[in-house]
Amino acid sequence: MKPSDAHVLIVGAGGIGCPALWGLVAAGVGRVRIVDPDVVELSNLPRQVLYTKTDVGAPKAPVAARAFPDQATQIEGVHARLDHTNADELLREIDVVIDATDGATTKDWINQLCVRVGVPLVHAAGLRSEARMLVVPVGGKPCLACLFGRLVEETGSCADLGVWNGVVGTIGFMAAEAALALLVEHDGPTPGYVVLDFEARRSLVLGAEPDPDCPVCARPAGIEPYPEAVACAPLEGVAAAAARSLDLRAERCPMNLLRARRALADMETGGILEIELGAEGAETVPDGVRALGHTVLAAEARGEGVWLQVRAGADGEETRLTDEQLRQYARQIVLPEVGEEGQRRLFEATVEHTSSAVAECYLRAAGVGKLEDVSKNLPPELQRELSLLGGVLFAEHAQRALVLEREDLPLMQMPRLRDHIPGKLP
Ligand SMILES: [Zn+2]
């Protein structure tokens, strides 16, 4: 099948769905349907690169569908949750599905759906510094459940869930490439289970063998009702921060941890802070403040949540970001290796890059202060646009080098360019 004849369904218009759509459009895929039930939030912008501040509050899928007005691809943005009531309609005439959702039970259900309906699936996921992908052929064998069994929703990890934007960006563009490969070569060998680990700077392809006892593709069962997503988005409105007591019952993760962290950082070492948390914060914030070097002196159940008494242990942070900045970049800041200090470095940085719309887009979304295109300084033979994947890898490496203040990170796939870029590399 030619890409221009293909019809692809992307489930999820978030950090993976945005680059997946970009990749399909760039490859000239004929039709794409993108489906998502959510609206754009401020904290989405650092990694969901098709949205801007003016889109906050608008439904994601229709906004994403309007992001490429000059391209030939016909894009349909559906503001809905893919579930058992609309799956037949949304899968009609679809040649391949890209799962760009988050949440284990959602991915489990989409895997089941695609195996049962007989549509090939590209499963993609990203968290913190790691991204994963599996291509599931028509009917499975292997499918996601062959590798992991039936998945259940992870609980209590929201505050830990940060992600680098280049991680989800990379796997989104790779998912688009994998979908295109499926369209061209329907019965080709499955590439295996791809694991990219940016922290360790390595990629692995693990063999993905069919499980003869797979609960999904060996014995196709009925499709279960669609699971309710676990809400992880910050609520509107900010609870008042006080010096000695903090009511975070209205805050969701990861803002509740960030606010607790800031209040503790403002205190003298040994100072006591009382924190009230709702059910969600009760799961994650106590461990989060311990991980930051503070001591939880007392914890009592209060309603669905918990009341904590914490002694400030770590030294106060010098960095002060505004509340708006905290809220927008929450998922990056919550990464242990980034924090407010790392985010401030991004704000203050200047990155020189060679002509790449993708690199620029991801660096700008991450909050990098100044971007300069230096491609005109390159010899003519090197004055060309980076590939989509090359661009996002560059952006990921540049951010990591800025935040971690390391100069020894290799520039993946771009050793020749490195010799020709004037000045200090990020
Ligand atoms: Zn299976």
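Each reported figure results from applying straightforward, stated rules to the coordinates on display, with no laboratory input. Just so you know, these numbers come straight off a predicted model, no measurement behind them. Here Cβ is always computed from backbone atoms with ideal geometry, including for glycine, and neighbour counts include all displayed protein chains.
Worth a mention:
- For the chain, radius of gyration divided by Kirkwood radius, i.e. Rg to Rh on alpha-carbons: 0.98
- Per-residue Cβ neighbour rank within 10 angstrom, fewest leading, ILE272, ILE333: ILE272, ILE333
- Span-like helix check, the chain: qualifying full DSSP H segments, with Cα axial length of 18 Å or more and mean Kyte-Doolittle of -1.0 or more, are 104-117, 165-184, 279-291, 388-404.
- Residue-count net charge about GLU274 - beta-carbon cut-off 14 Å; Lys, Arg +1, Asp, Glu -1: +2
- Shown for ILE94, ILE34, ILE10: other C-beta atoms within 10 Å of each C-beta, ranked fewest to most, produce the order ILE94, ILE34, ILE10.
- Residues ASP70, ASP287, ASP99 arranged by fewest to most Cβ contacts within 10 Å: ASP70, ASP287, ASP99
- Exposure rule at most 14 other beta-carbon atoms within 10 Å, DSSP loop trypsin sites (Lys or Arg not before Pro): the chain longest free segment: 93-200
- Amide H contacts under 5 Å for VAL78, placed H, 5+ residues apart: ILE34, VAL35, ASP36
- Antiparallel DSSP beta bridges within the chain, percent to nearest 5: 55 percent
- Share antiparallel - DSSP beta bridges, region 3-206, percent rounded to 5: 50 percent
- For region 3-206, the alpha carbon convex hull comes to 116 Å³ per residue, rounded to a whole number.
- Computed per residue of the chain from DSSP H runs no shorter than four, each worth -39500 (n - 2.57), the mean residue ellipticity at 222 nm is -9000 deg cm²/dmol.
- Lysine pair count for the chain [Cα-Cα under 24 Å; pairs on different chains or 8 or more apart]: 5
- Residue of GLN343, GLN325, GLN112 that the Gaussian network model of the chain assigns the largest fluctuation, springs spanning Cα pairs under 10 Å: GLN325
- Table column - 3J(HN,Hα) (Hz), region 269-278, Karplus curve with 6.51, -1.76, 1.60, x for Gly and Pro: 4, x, x, 10, 10, 9, 10, 9, 10, x
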